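One structure is given below, encoded as structure tokens.
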Amino acid sequence: MVVDVKGVHYAVGRREIFAGLDVVARRGRVTAIMGPSGTGKTTLLRLITGQTAPTSGEVLLWGQRVATLRQRDLYALRRRTGMLFQNGALLTDLDVFENVAFPVREHTDLTEPLIRELVLTKLHAVGLRGAARMMPSELSGGMARRVALARAVVLDPELLIYDEPFVGLDPISMGVIVRLIRQMNRVLGITSIVVSHDVHELAAIADDSYLLSQGRCVASGSPEELHRSESEVVRQFLDGVADGPVPFHFPAPDYRDQLLGVDRRAQRGRAA
Amino acid sequence: MSSAASRDGLLTGALRRVGAVAVFFVAVLAQCVPALARPRLIVHQVYNAGARSLIIIMLCGLFVGMVLGLQGFDLLQRFGSEDALGVAAALGLLKELGPVVTALLFAGRAGTALTSEIGLMRATDQLTAMQMMAVDPMQRIVAPRFIGGVIAMPLLVAIFNLVGLFGAQLVGVQMMDVDAGAFWSQMQGAVQLNDVQEGFIKSVVFGTACSLIAVHEGYHTEPTAAGVGLATTRTVVTSSVLTLLLDYILTAAFL
Amino acid sequence: MRPNRALEIGTGLFVLLGFAALFFLTTQLPGSGVQVGGASGYAVTARFDNVGDLKTGSPVTLAGVRIGRVTGISFDPADFKAVVTLDIEKRYDKIPDDSDASIQTAGLLGGKYVGIGPGGSETYLHAGSTIEFTQSAIVLETLVNKFFANFASRGSAGAPEAKEEKQP
């Protein structure tokens, strides 16, 4: 088990984001974490990578509690982890080659020819060897994400985390990314966690799926199991229904009352 | 951060900010030692903060010097002492105008560039990405920029002073016919090494303060486009006020 | 980070320039450093009892017109007089050799300068000649002290008059 999230509670101020969440990512598998926007999927990634600590419960990465690690130990874990950010998060003042070479230069003392070989191999794997001297600002969204992927795997991590890898991509780029994620997992055996709400793409690559809603895990299992699920929440999410357990309306006072001004009068009464 | 800050009153808010900057200062200083092991990164930042500000510093130095020459001449000739123009210009530049004007320009030119650069890195997840690559952005990004600023400032001030003296000389000697010999010899007679030292210490302190504010605001930028703009504005305002405040304190301390 | 040649050269230039400026400010400004113009005429010397705060570079004037500058101040260990070297521009080569030199103050706050009072001789000053008649700097403190001393002695002893003091 690479990642083990056990009974995690997490709150920002008074707003509770997770109320007892359990998620597990097994070695060599692709774990999909799905859920409507605003359910804290990105927050979950922050918890897993130790960027923030849970209010209670624990997050284990290779059996170590990330929340209580000292920075040096945490960074040691992170060197075994690659992460792909939503928009790539390439360093804007470095070109594509240097972006991919960045972790290598920071963490190893490899000679220049070796670095070159390593970087070009990884860039070739994502099909962008020809773009090595382009600047990040010249890349399309899909290309930037592929470069970021090359950078994430350049030091051969054991765990790869994808934060919304499909957002804002055209169908072709999306197909490319799906293929790459599968490739990284099947060929290199990298344990993967994919956070997304693109149900169909995830169904194609995920071994295990979790569906989060309103602070807890409402369903889990293989994509097929999820698709067979009768649960109302799962059905609403997978089928894209506008109203259901996840309400269409944001919590608000009664519509008729508000239109008739009851609300305002009530407030004034309370103020007095 | 802002949501938390808005909870505080004006006084507690200000207090919190001072505290945050102080804590950040210590954190940056702690990272300066490992950062010094990579001089190439620092060279890059000395270039960004210093060499790129050179033109504007020299231009402003020239004009400030020329104004000093003009005003000083007008004032001194009323006492028939226009020969003292050199002293007046040199002391004015060395002790006050050089460090202060350079610091204000530095805040506007290099400080804002630093803040928006780091702020954009924050807004586009570059800093987080670095942390995820097990690279400490405090050490890789913040510390070299801070050190670069601290190194660049005294050099910029020295250049500003020199160009300013040239400007004062240009107006005083070339245009107003103050005697060149009197201009320089009186200057050399009256200016003490202490005066130069005072200006130098001021420039180092201002460089530290302005660089610190710039990287602090950048590092704690609200990760949005509006946040970057706001942080940049705050850098200029805070650096300027802090510079003038420190200037008073230092001047009082030296007297 | 790969080395960037242009950037490093630019930084090098900047740092060099900065240190040069710093060096100039610390070494040249305090004390006598800069020589303005340099010697361009002929040098004559004048010996004074006291030069006050006359500096090298101070102007030399005749009838209020600047004709040269002070290029050197030292003292003669034999008689403890100050030896001031004056560099006078070449075009002013008809200055009588019995002229006198005095150290004067420009304005209330101004610096000292050397004023030349022309004499009546038919021979003129030339390179290496010495001005014989000199009047030293008026040191304000000495003057004030003397004034008060006179005032006090006249007031207390009822002396008819204090002896007229001559400028030394």
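Just so it is clear, none of the values below were taken in a lab; they were calculated from the coordinates. Quantities reported herein were computed from a predicted structural model and do not represent experimental measurements. Positions of Cβ are generated from backbone atoms using ideal geometry, with glycine treated the same way; all protein chains shown enter the neighbour counts.
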Amide H contacts under 5 Å for C:F75, placed H, 5+ residues apart: C:V83
Whole-Hz ³J(HN,Hα) from phi, Karplus 6.51 cos²θ - 1.76 cosθ + 1.60, for region C:12-22, glycine and proline x: x, 4, 4, 5, 4, 4, x, 5, 4, 4, 4
Of B:G80, B:V204, B:T112, farthest towards positive along the dipole that unit charges on Lys, Arg, Asp, Glu beta carbons give chain B: B:T112
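What are the trypsin sites (Lys or Arg not before Pro) within region B:29-91 that DSSP puts in a loop, where the Cβ has at most 15 other Cβ atoms within 10 Å?
On the way: sites: B:R40, B:R52, B:R78; in loops: B:R78.
Answer in residue order: B:R78.
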Relative contact order for chain B, counting Cα pairs under 8 Å that sit 6 or more residues apart, in percent: 33 percent
Relative packing of peptides B:125-131, C:17-23 - highest average C-beta neighbours within 10 Å first: B:125-131, C:17-23
Over chain A, relative contact order from alpha-carbon pairs under 8 Å, at least 6 apart, %: 24 percent
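What share of the DSSP beta bridges in region A:133-240 is antiparallel, in percent to the nearest 5? Numbers along the way, then the final one.
Working: 5 of 10 bridges.
So the antiparallel bridges amount to about 50 percent of the total.
Take peptide B:171-184, look around each residue's Cβ out to 10 angstrom, count Cβ atoms belonging to other protein chains, and average those counts. Present the calculation step by step, with values, prior to reporting the outcome.
Working: counts 0, 0, 1, 0, 0, 0, 1, 0, 10, 7, 18, 12, 4, 12.
Mean shielding by partner chains, rounded to a whole number: 5.
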Average beta-carbon neighbours from other chains, 10 Å sphere, peptide B:236-246: 0
Shielding by partners - mean other protein chain Cβ count within 10 Å, residues of A:72-80: 2
Simple Cβ-charge dipole of region C:43-137, Lys/Arg +1 and Asp/Glu -1, about Cα centre, in debye nearest 20: 420 debye
Rounded if a/c under 1.5, otherwise prolate or oblate - region C:43-137, Cα gyration tensor axes: oblate
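Under the rule a/c < 1.5 gives rounded, and otherwise a/b versus b/c splits prolate from oblate, where does region A:57-175 land using the Cα gyration tensor? Don't skip to the answer; put the middle values down first.
Working: a/c = 2.26, a/b = 1.32, b/c = 1.71.
Here region A:57-175 falls in the oblate category.
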Assigned charges on the beta-carbon of Lys, Arg, Asp, Glu; chain B dipole about Cα centre (debye): 920 debye
Loop sites in region C:63-108: trypsin sites (Lys or Arg not before Pro), DSSP, at most 13 other Cβ within 10 Å: C:K90, C:R91, C:K94
For the protein assembly as shown, size of Cβ-based charge dipole, Lys and Arg +1, Asp and Glu -1, in debye: 2080 debye
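Please give the calculated 222 nm ellipticity per residue for chain B, where each DSSP H segment of at least 4 residues contributes -39500 (n - 2.57) and the sum is spread over every residue; nearest 500 deg cm²/dmol? Mind showing how you got there, number by number?
Values: 12 runs with 197 residues, N = 255.
Value at 222 nm, helices only, nearest 500: -25500 deg cm²/dmol.
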Alpha carbon centroid spacing (whole Å) that separates region A:69-146 from region B:108-165: 23 Å
Filtered trypsin sites (Lys or Arg not before Pro), region A:132-168: DSSP coil and at most 11 other beta carbons within 10 Å: A:R133
Selected from B:G61, B:G167, B:Q45, residue furthest toward positive end of dipole (region B:30-176; charges at beta carbon): B:Q45
A:L84 long-range amide H proximity, modeled H, under 5 Å: A:I161, A:Y162, A:D163
Long pairs among B:K202/C:K55; B:K202/C:K112; C:K55/C:K146, criterion Cα-Cα beyond 28 Å: B:K202/C:K55; B:K202/C:K112
Selected from B:V67, B:V178, B:V26 as most flexible by GNM, with chain B as the system and alpha-carbon contacts under 10 Å: B:V26
Sum of -39500 (n - 2.57) over DSSP H runs of 4+, divided by residues of chain A (222 nm, nearest 500): -11500 deg cm²/dmol
